[in-house]
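Below you'll find the structure, written out as structure tokens, and then a few comments.
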Amino acid sequence: MSNVPIWKLNNGLEIPSVGFGVFKVKEGDEVYLAVLEALKAGYRLIDTAAIYGNEEGVGRAIKDSGIPREEIFLTTKLWNTDQGYNNAFTAFETSLKKLDTDYVDLYLVHWPGKDKYVESYKALEKLYKDKRVRAIGVCNFHIHHLEKLLAETEVVPVMNQIELHPLMNQKEIRDYCKEKGIQVEAWGPLMQGKEDLDAPVFVELGRKHEKSPAQIILRWHFQNDVLAIPKSVTPSRIRENIDIFDFELSEEDMGKINAHNQNKRLSADPDTMMNGFD
Ligand SMILES: NC(=O)c1ccc[n+]([C@@H]2O[C@H](COP(=O)([O-])OP(=O)(O)OC[C@H]3O[C@@H](n4cnc5c(N)ncnc54)[C@H](OP(=O)(O)O)[C@@H]3O)[C@@H](O)[C@H]2O)c1
């Protein structure tokens, strides 16, 4: 059984408050074994994407885990080159087939791009209304993208999945999303392995709470109402990253991590990320 607290999305759907990401995890044995390990450790949310090229392995691991499909929250994403109203349906069917399932829990627009995200999202709305997906949302949306989306579509996204970690804590978008009832999900929650997790603030708090720096950071996300989806292919880390529910950071501890913010983006900016867009 999983001891991960459950949160509720704006459409009433329940979602585990920590998930498992599989960006850059290779299709085949690597993703298959990592997802099996994650499910064994208690994760019940798996985050993949068409562009990750590993949906088949994810689907196979879910099947072979023996855990009923309805107990697993499965997310995948519409890739940039598949944007557009009609294209989105084709891409969705391809993802479903690869995942070997007849629905996904959450389907996300992967990046806003320039001008097709509204029509793409309208296709997701149709999938939602047709009950092919249990919830829909977006990734990498700035406030201005969300404003346009909210003005021009009907279904409020349940989720905005964005780059978020102690070096870029995204306070403004978090506040905006909270006001609109949109759950924020952190990608790169551990800074993608690009930055040292052994910065003094994490090490000191780790010593205080007898936890690792990664666990301190993941607990900080949780206490900020942010759903983190850490990735690892290392079994001990997979287990470690979900073992964060037996301690609490004080307000002072939280303040120290908040003070670590430098608005430092480690990956692409959604306003200039045009990979796959014309
Ligand atoms: N929507 C988007 O545009 C977008 C973009 C990027 C990512 N994502 C999603 O977000 C998920 C997480 O982001 P991410 O994979 O980019 O980065 P991340 O989870 O922040 O970092 C993953 C890196 O941290 C290492 N790591 C994991 N646990 C650790 C621990 N306990 N101690 C030390 N190092 C640890 C991993 O190494 P090992 O694997 O070697 O253990 C890997 O190098 C992705 O997998 C994907 O599902 C979404």
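One table, with the values for the structure above:
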item: Selection count, the range 56-80, where residues are in a helix (DSSP H, G or I), surrounded by 16 or more Cβ atoms within 10 Å (Cβ to Cβ) and away from the ligand (no atom under 12 Å from the Cβ); result: 7
item: Scope the range 246-257; condition of a type outside the set (Lys, Arg), touching a helix residue (DSSP H, G or I) at 6+ places or on another chain (Cβ under 8 Å) and either over 12 Å from residue 222 (Cα atoms) or within 16 Å of the ligand (Cβ to nearest atom) (or both); matching residues; result: 247, 253, 257
item: Criterion violated by residue 66 - all others in (1) out of contact with any strand residue (DSSP E or B) (no Cβ under 9 Å at 6 or more places or on another chain); (2) of a type outside the set (Lys, Arg); (3) within 19 Å of residue 185 (Cα to Cα) satisfied; result: (3)
item: Selected residue [under 14 Å from residue 168 (Cβ atoms), surrounded by fewer than 23 Cβ atoms within 10 Å (Cβ to Cβ) and not aromatic (Phe, Trp, Tyr)] from 178, 194; result: 194
item: Pair list, Cβ under 7 Å, 6 or more apart: the range 141-163 residue farther than 17 Å from residue 9 by Cβ, other residue part of a strand (DSSP E or B); result: 163/187
item: Subset of the range 212-241 [near the ligand (Cβ under 10 Å from one of its atoms), in contact (Cβ under 8 Å) with a residue 12 or more places away in the chain, surrounded by fewer than 23 Cβ atoms within 10 Å (Cβ to Cβ) and part of a loop (DSSP other than H, G, I, E, B)]; result: 212, 232, 233
item: Any hit, the range 157-167, residues being in contact with a Lys or Arg (Cβ under 9 Å, 6 or more places away or on another chain) and farther than 18 Å from residue 228 by Cα; result: no
item: Selected residue (criterion: farthest from the ligand (Cβ to nearest atom)) from residues of the range 14-52 that are over 20 Å from residue 242 (Cβ atoms) and crowded, with 16+ Cβ neighbours inside 10 Å; result: 27
item: Residues being under 20 Å from the mean Cα position of the chain (by Cα) and either in a helix (DSSP H, G or I) or buried (at least 23 other Cβ atoms within 10 Å of the Cβ) (or both) - total across the range 111-126; result: 7
item: Hits in the range 165-211 (condition: part of a helix (DSSP H, G or I), within 18 Å of the chain's Cα centre (by Cα) and touching a residue at least 40 places away in the same chain (Cβ under 8 Å)); result: 171, 174, 178, 191, 192
item: Test: residue in the range 99-108 that is in a helix (DSSP H, G or I) and among the hydroxyl-bearing types (Ser, Thr, Tyr); result: no
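Coordinate-derived values only; no laboratory data. These figures come from a predicted structure and were not determined experimentally. So basically every Cβ, Gly included, is an ideal-geometry build from the backbone, and we count neighbours across all protein chains shown.
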